[in-house]
Amino acid sequence: MSLLPIFVKLTGRRCLLVGAGAVALQKIPALLAADAHVRVIAPRVKSEISELACAGRIEVIEREFVDLDLDQTFLAIAATDDPAVNAAVYRAAVERNILCNSVDDPPHCDFYFGSVVSRGDLQVAISTAGESPAFAQRLRQEIDEQLPSDLGPWLRNLGELRREVLVAHPASEERKLLLHQLAHRELCDSQECPARKFAFQKNEVCA
């Protein structure tokens, strides 16, 4: 099975989560971190999920799932403890061309949640296509232990400097080389940052 690894923008888009137990609760933080509009459908709701609804962070509807719940939905997740319900959610999503993940049920998944290591805007996602989530979690832990904790701020500074370089230097192989060189340098917020001076010094390869 071939999978396309992508990072999807969910800001403001409705994501339907069918189920409101422990499994569903595990999926909500990632959706909220992506600024998705999370709607939960379930006849019984775990207290932690109810608290999120009371805080206005998610929407909860306490009843059984019906196919119409998928209307105006961008992404669907079936996370109940009933395989028949999860399969029904998946089939209804497929009919509407909506991508769906049925938790712990690879045949009823259009996509998988990867094990993710995050440092600010840096995200390293690992997937085993559902073969062994435990192995993906093991790799996530190993990578997490190796990545510096300050990569997030460094990447933010690198992004700002990159945008300045793109404005200051015309497109060329030299500019491309400069950007690759900057990705290996220490960066800081200061205008006196050595990497910033390197990027704009006279007689540089892009000048």
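The values are calculated or read from the model by the stated rules, or taken from the named source; none is laboratory data. A quick note: this is a predicted structure, and the numbers were derived from the prediction, not measured. Here the Cβ is made from the backbone with ideal geometry for all residues, glycine too, and neighbour counts use every protein chain on show.
Worth a mention:
- Failed criterion for Ala168 (all others in (1) surrounded by 14 or more Cβ atoms within 10 Å (Cβ to Cβ); (2) more than 29 Å from Leu4 (Cα to Cα); (3) hydrophobic (A, V, I, L, M, F, W, C) hold): (1)
- Among the residues listed as Thr80, Thr73, the single one being among the hydroxyl-bearing types (Ser, Thr, Tyr), more than 22 Å from Gln123 (Cβ to Cβ), touching a helix residue (DSSP H, G or I) at 6+ places or on another chain (Cβ under 6 Å) and touching a residue at least 40 places away in the same chain (Cβ under 8 Å): Thr80
- Enumeration of residues in segment 114-138 that are among the small types (Gly, Ala, Ser), touching a Phe, Trp or Tyr at 6+ places or on another chain (Cβ under 7 Å) and surrounded by 14 or more Cβ atoms within 10 Å (Cβ to Cβ): Ser127, Gly130
- Val8 passes every criterion in (1) β-branched (Val, Ile, Thr); (2) free of Cβ contacts under 8 Å to residues at least 60 places away in the same chain; (3) not assigned by TED's automatic domain parsing to the domain that holds Pro106 apart from (2).
- From the options Ala87, Ala134, residue that is in contact with a His (Cβ under 6 Å, 6 or more places away or on another chain), hydrophobic (A, V, I, L, M, F, W, C) and not assigned by TED's automatic domain parsing to the domain that holds Gly159: Ala87
- Out of Leu25, Leu31, Leu68, sole residue that is under 15 Å from the mean Cα position of the chain (by Cα) and either not in a strand (DSSP E or B) or not small (Gly, Ala, Ser) (or both): Leu31
- Test for Gln141: is it exposed (fewer than 13 other Cβ atoms within 10 Å of the Cβ), of a type in the set (S, T, N, Q) and in contact with a strand residue (DSSP E or B) (Cβ under 8 Å, 6 or more places away or on another chain): no
- Qualifying residue in segment 134-146 (condition: assigned to a loop (DSSP other than H, G, I, E, B) and of a type in the set (Phe, Trp, Tyr)): no
The rows are residues; the columns are (1) at pLDDT below 90; (2) among the hydroxyl-bearing types (Ser, Thr, Tyr); (3) over 21 Å from Leu4 (Cα atoms).
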| site | (1), (2), (3) |
| --- | --- |
| Gly114 | yes, no, no |
| Arg119 | no, no, yes |
| Gln123 | no, no, no |
| Ile143 | no, no, yes |
| Gly152 | no, no, yes |
| Gly159 | no, no, yes |
| Arg175 | no, no, yes |
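- Checked against (1) in contact with a Lys or Arg (Cβ under 6 Å, 6 or more places away or on another chain); (2) over 16 Å from Pro29 (Cβ atoms), Trp154 passes all but a single condition, namely (1).
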